[in-house]
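Okay, so here's the structure we're looking at.
The values are calculated or read from the model by the stated rules, or taken from the named source; none is laboratory data. Here the structure is a predicted model, which is why all the values come from computation and not from measurement. Positions of Cβ are backbone-derived with ideal geometry, glycine not excepted, and every protein chain shown enters the neighbour counts. These accessible areas exclude ligands, DNA and RNA; they are computed on the full protein's heavy atoms, side chains included. Shrake-Rupley method; radii C 1.70, N 1.55, O 1.52, S 1.80 Å.
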Amino acid sequence: MLSCFFKLTPIVISFYTFGTLFHCLYISANQRPSIKATITRMSNTPAYYRLDGAASSLLLSNHTQVPAVAWLGDRLEADVDGAMLANHEDSALAFANLDARAPLDIFPQLSTGYMGSPALAGYRQNAPVAHSFSTKHIEQTGQLLVVVLEDVKSQLEVVQKIALDSKSDVCTVSTSLKNAGSTDYRVDWLASATLPLPNHFSDCISQHGRWGLENQSYRRAIGPGRIDISNQHGRTGHEHGPNLICASADLSVDHGDALFVHLGWSGNYSFRIERLHDGTAYLQCGVLLGPGEEVVAPGAVLTCPTAYFTIGHGLNQCTQRFHSFARQHILPAWTRTPRPIHANSWEALYFDLNDNDLKALVDAAATIGAERFVLDDGWFPARRTDEAGLGDWTVDKHVFPHGLTPLVEHVRSHNMQFGLWFEPEMVNPDSDLFRKHPEWVLHYAGIETPLARGQLVLDVAREDVSNYLFNCISSLVSEYSIDYIKWDMNRDLVLPGDGLSPRSSKQPQAVYALMQRLIDTHPTLQIESCSSGGARTDFGVLKQTGRVWTSDNIDPIARGTIQQGFARFFPPEVMGAHVGHKEAHLTGRSTNLHTRAIIALQGQFGFELDARVLNKDDVTTLHHYTQLYKQHRSWLSNAIYWQLPTSDNLLLASGLVSTSGEDALFSILLLDSLKTTRPGCQRLRGLAKTQRYRVSLASSNIDQLDPFNKAMPAWCRNSIVSSGELIMNIGIPLPVMPPQSAILVYCALEVN
Ligand code: DGJ
């Protein structure tokens, strides 16, 4: 990109005259005293900066007091020059407005006449500060732009690092604020990113939910008034995911334009979307701070969590970009290897643990193909219910008189890995830890913190707390050579304080640091992020964890939309997906074993059932799916995800296609009875148009389907061969499926 800049320099210089003139007019209208120096500096800088990815370009124009995103979208093929760009930015100015255009730049501020949410709000010495930042310096190094803004009057400096990943086309913005003054600066709001929305973006799709029903998409119009989606749960939360899509009205899986934005943060946050009175619209996101929560001392720097975004065509393209970015830059390296099949003890035994039952469960799980056994909650002292024990991280000698060694050895005798559940941030008042250190919990003096699941939250940002947790966990990891930790977090943070001051934004960082310390000490240790299911799912925690327990709801019918929502931003191999009991514990719904297994195959496959009570047919069925998973998992851990367009909302369909294009598995779930007698054809995606594929039914449920079909499409019994183009355009004829059933379709590239 530097070469591009040098090439354009002569044109750019002629433009500066215009740029400077514009600034002079603009400034005099607003009577800003400190700008002159800024103009002098700006006239030595180019009028715009350009980042190019594989399919996207980002143009940052430097015509205004603070740079603005002039273009983010399809990769620009032609050269751009500053004069050209300025013509596009020279928008009309209507009457009854300010006398100058209020810029919608990367760090919008009220002092310019901008009427939206400012990038920064804060106080110095108890007086609110009116900010007036301007560009001090911009530097481009390869795919990275570093923009330095300064506000001389309020003695603050902002650095924004904007990067475009050339492979995935995902951009990142990281914002930090330096207090260059001699008194504390109290931050009320500091946006991680503010992005302009293209004019034709009329819709916004956010993700919401509750315990047991995460990641439900909600689409609304960007109408008048600000949309503010604020999470105050102190974790990513079930209620509002940090994932947002702004889009054109015609957005579908294949078509339409979409901006995907994600904030990599496991704490409180706000997403603000607004169309202003002048027609411009923006999206802003950042950490939601409590009053007085972030005080930046003189000389100190506050860095915001990174915001991630891309603009593409159709949901699938943006999703695939996010997956590609996460695989390259976020996830731990072990996620790139084939994922082992899990068996988890929770829904099989809950708190009713003993060596014999656990060993029998391990035996049964091994029979159906499990490769890692995870001992869930209940193994530490007094943990016979969820009212006691959290915080006392030693093995309960009443339940395990010889420690965990006999169980771990049993697990290893099956050549399985061993995983253990922890909930490190939590403490029950009924625990030795709390009796010894009541002062370690997050609280406000004089206010009783409400319990949730009978537990309180430890102030992990305290060094003594963090050291205690590290020592407990690390010694168990060493003693039992633990391969894997399921790291749970089962309550919201309510008024988290250290007694006097708020602590909620410190907590996520302290948890990340504790996880990282454990990983550094035990480099092969793998950690899963769980939070009453999927309430801690974001790029912040995924840097340490690499797997999420997607939801406590294992009912495959509910799971269909939960997993689809998850996979919209996060790669499917990160998504823990288990085959549960016939009657789902969270919904009471009974489903066929094939349906449960097919839906679990969308993510990292595993079991969460009492495998001891499976009958012979069930074992044979599960064998089929574990073999299938093992056969394909080498490419599944890097597969390209496609949500499929369906002809009816009752059909949920998605597929995973290998990066080589040689293999593809598509799952099709029918949520309820269709209104038509025939289900029609299902169009697949991701295949090479001109190649031939052998299409077959990979699920072993032909007998389940048979009674509902007077005639079954030929491919269901014997594979057929067709071109990628026909499979994607006409689609494959679906068999008649009973309600709440699923099928799995395998497409294999035909060699010759
Ligand atoms: C909540 C998790 O989501 C469950 O999977 C299980 O681990 C329980 N906590 C244990 O208390």
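Taking the chain as the reference, fit the longest principal axis to its C-alpha atoms, fit the long axis of helix 463-480 to the helix C-alpha atoms, and give the angle between the two in degrees, 0 to 90, nearest 10.
Approximately 30 degrees, to the nearest ten.
Quick check on packing: order 421-429, 681-689 by the mean number of other C-beta atoms within 10 Å, highest mean leading. Mind showing how you got there, number by number?
On the way: 421-429: 23.2, 681-689: 19.1.
Listed from highest to lowest mean packing, they are 421-429, 681-689.
If you split all Cα-Cα distances of the stretch 642-749 into 10 Å bins from zero, what percentages do you get per bin, shortest first?
Pair shares across the bins are 15, 52, 29, 4.
Once the convex hull of the alpha carbons of the stretch 2-330 is built, what does its volume come to per residue, in cubic angstrom? Could the numbers behind the result be given before it?
Working: hull volume 45.2 nm³, N = 329.
About 138 Å³ per residue, rounded to a whole number.
Taking only protein heavy atoms into account and a 1.4 Å probe, give the accessible area per residue of the stretch 2-330 in Å².
For the stretch 2-330, the solvent-accessible area averages 40 Å² per residue.
Give me the one-decimal nm value for the distance between modelled label points at ALA711 and LYS630, 7 Å along each residue's Cα-to-Cβ direction.
Rounded to a tenth, the inter-label distance reads 4.0 nm.
May I ask you to compute the full-extension gain from SER660 to VAL619, defined as 0.36 nm times their residue separation minus their alpha-carbon distance, rounded to one decimal in nm?
Numbers: separation 41, 0.36 × 41 = 14.76 nm, distance 3.25 nm.
Gain in length upon complete extension: 11.5 nm.
Find the relative contact order for the chain and round it to a whole percent, using C-alpha pairs within less than 8 Å whose residues are 6+ positions apart. Write down the numbers at each step before the final one.
Numbers: 1756 pairs, mean separation 71.6, N = 752.
Dividing the mean separation by the residue count of the chain yields 10 percent.
From the helices alone, meaning DSSP H stretches of at least four residues, give me the mean residue ellipticity at 222 nm for the chain, per-run term -39500 (n - 2.57), in deg cm²/dmol to the nearest 500. Walk me through the numbers before you get to the answer.
Values: 17 runs with 183 residues, N = 752.
Calculated at 222 nm, the ellipticity per residue is -7500 deg cm²/dmol.
Round to the nearest 10 and give me the degree value, 0 to 90, for the angle of helix 506-521's Cα axis relative to the longest principal axis of the chain.
60
If R₀ is 22 angstrom, what is the calculated FRET efficiency for the pair ARG226 and ASP188, using the beta carbon separation as r and rounding to 0.05? Show your work: numbers first, answer last.
Working: r = 16 Å, r/R0 = 0.75.
So, using R0 = 22 Å, E works out to roughly 0.85.
Can you pull the one-decimal nm distance between simple spin-label points at HIS200 and ALA78, each 7 Å off the Cα toward Cβ?
So the two model labels end up 1.8 nm from each other.
Calculate, for the stretch 333-640, the solvent-accessible area per residue in square angstrom, rolling a 1.4 angstrom probe over the heavy atoms of the protein chains. Don't skip to the end; give the middle numbers.
Details: 10250 Å² over 308 residues.
Dividing the accessible area of the stretch 333-640 by its residue count gives 33 Å².
In whole Å, largest first, what are the principal axis extents of the Cα atoms in the stretch 161-204?
Here the Cα extents, ordered largest to smallest, are 44, 28, 13 Å.
I'd like the FRET efficiency for GLN691 and ILE447, computed as 1/(1 + (r/R0)^6) with the beta carbon distance as r and R0 of 45 Å, rounded to 0.05.
That pair, GLN691 with ILE447, gives E of 0.10.
Project the alpha carbons of the chain onto their principal axes and report the range along each, largest first, in whole Å.
83, 69, 43
Based on alpha-carbon positions alone, could you give the equivalent ellipsoid semi-axes of the stretch 141-281 from the gyration tensor, as √(5λ), descending, whole Å? Could you put the intermediate results ahead of the total?
Values: eigenvalues 163, 79, 56 Å².
Largest first, the stretch 141-281 gives 29, 20, 17 Å.
Please report the relative contact order for the stretch 642-749, taking Cα pairs under 8 Å with a sequence separation of at least 6, and give it as a percent rounded to a whole number.
On the way: 228 pairs, mean separation 40.2, N = 108.
RCO, the stretch 642-749: 37 percent.
So the label point goes 7 Å from the Cα of THR677 along Cα→C-beta, right? Which residues of the stretch 716-737 then have their backbone N under 15 Å from it?
Counting only backbone N, you get 736-737.
Computed over the Cα atoms, what is the radius of gyration of the stretch 41-167 divided by 2.2 N^0.38 Å, N being its residue count?
Cα-based Rg divided by the globular estimate yields 1.14.
In whole percent, how big is the carbon plus sulfur part of the accessible area of the stretch 547-627, probe 1.4 Å, protein atoms only?
Whole-percent figure for carbon plus sulfur exposure: 47.
Which of the chymotrypsin sites (Phe, Trp or Tyr not before Pro) found in the stretch 337-416 are in a DSSP loop and have at most 15 neighbouring Cβ atoms, other than their own, within 10 Å? Spell out each step's value before the answer.
Values: sites: TRP346, TYR350, PHE351, PHE373, TRP379, TRP393; in loops: TYR350, PHE351, TRP379, TRP393.
Hits after loop and neighbour filter: TYR350, PHE351.
Quantify, in whole percent, the carbon and sulfur part of the accessible surface of the stretch 642-749 (1.4 Å probe; protein heavy atoms only).
Working: 2410 of 4880 Å².
For the stretch 642-749, the apolar C and S fraction of the accessible surface comes to 49 percent.
Shape call for the stretch 494-549 from the C-alpha gyration tensor, a ≥ b ≥ c root eigenvalues: rounded (a/c under 1.5), prolate (a/b greater than b/c) or oblate?
oblate
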